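*Asks:* One structure coming up, written as structure tokens, with questions to follow.
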Amino acid sequence: MFYYPNKPIRTYSIENVLPIVETWFCKAKMNGKRVLPFFDGRTLTLFGRQGQKFKEYFPELKALQLPTPWLLDGELLRSGRIFLWDYAVLDGKLVSQTPYHERWKNLNDNWRPMDTCALVPTVLSKDYKNLLSLDDPELEGLVWKDPKATNLWGLHSTSEVSSQVKWRKK
């Protein structure tokens, strides 16, 4: 069983974050339920953070040109959309040792536009204000991720993830 990566437990002001995350990716943090879509080549199942199965179904995810089986990471929003930003398993292999920037590039390169599923908006840290201007009521804040980070996924849980920093809109 996979343990979901912990939420960052500290929330920082943007002014304090920027010097630390200068070369990191900045992603929109959407307000929803964590969703882990799993596709074995035939059956698509959506799991929650605690391993529960969701009844929602997004068959268009089956069209992703990724080697199966795969396990993606994202957020299921109240509006019925899914935003994805990472994967934990690709071609049946745990990818926890693959740097985040490689995983993001692979997911982005293999993405196809879909009606109800999208990749979470992502920019370089210096362009974070572009994300703050998004007109989406489900935008909760921002998350910075170290592009060289590994081990965002694994079989063991930790109390804090040092390779990501969260900022929440007020």
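The values are calculated or read from the model by the stated rules, or taken from the named source; none is laboratory data. Nothing here was measured: the structure is a model prediction, and the numbers come from that model. Here the Cβ positions follow ideal geometry from the backbone for every residue, glycine too, while neighbour counts run over all protein chains shown. Areas reflect the complete protein model, heavy atoms only, side chains present, ligands, DNA and RNA absent. Shrake-Rupley method; radii C 1.70, N 1.55, O 1.52, S 1.80 Å.
*Asks:* When region 99-136 is examined, which residues are found to be open to solvent by 40 Å² or more (accessible area, probe 1.4 Å), hydrophobic (A, V, I, L, M, F, W, C) and more than 16 Å from the chain's Cα centre (by Cα)?
*Replies:* Leu132, Leu134
*Asks:* Let me ask something else. With the condition being open to solvent by less than 20 Å² (accessible area, probe 1.4 Å) and over 26 Å from Trp144 (Cβ atoms), I'd like the strands (runs of 3 or more DSSP E) fully within region 6-98 carrying at least 2 qualifying residues. Talk me through it step by step, then tell me what you get.
*Replies:* Details: elements: 25-30, 32-39, 44-47, 70-77, 82-90.
Strands (runs of 3 or more DSSP E) meeting the threshold: 44-47.
*Asks:* It is to be established whether one or more residues within region 94-112 are in contact with a strand residue (DSSP E or B) (Cβ under 8 Å, 6 or more places away or on another chain), among the small types (Gly, Ala, Ser) and at pLDDT below 95. Break it down into steps so the answer makes sense when it comes.
*Replies:* Of all residues in region 94-112, those in contact with a strand residue (DSSP E or B) (Cβ under 8 Å, 6 or more places away or on another chain) come to 94-96, 100-101, 103-104, 106-108, 111.
Adding the requirement that they be among the small types (Gly, Ala, Ser) leaves 96.
When the remaining residues are screened for being at pLDDT below 95, the result is 96.
Yes, that holds for at least one residue.
*Asks:* Next question, about the same structure. How many residues, within region 141-167, are at pLDDT 85 or above and open to solvent by 50 Å² or more (accessible area, probe 1.4 Å)?
*Replies:* Of the residues in that region, 1 qualify.
*Asks:* What are the pairs with Cβ atoms under 6 angstrom where one residue, in region 120-141, is farther than 18 Å from Gly32 by Cα and the other, located anywhere, is part of a loop (DSSP other than H, G, I, E, B)? Sequence gap at least six, or different chains.
*Replies:* Listed pairs, sorted by first residue: Ser125/Val21; Ser125/Glu22; Ser125/Trp24.
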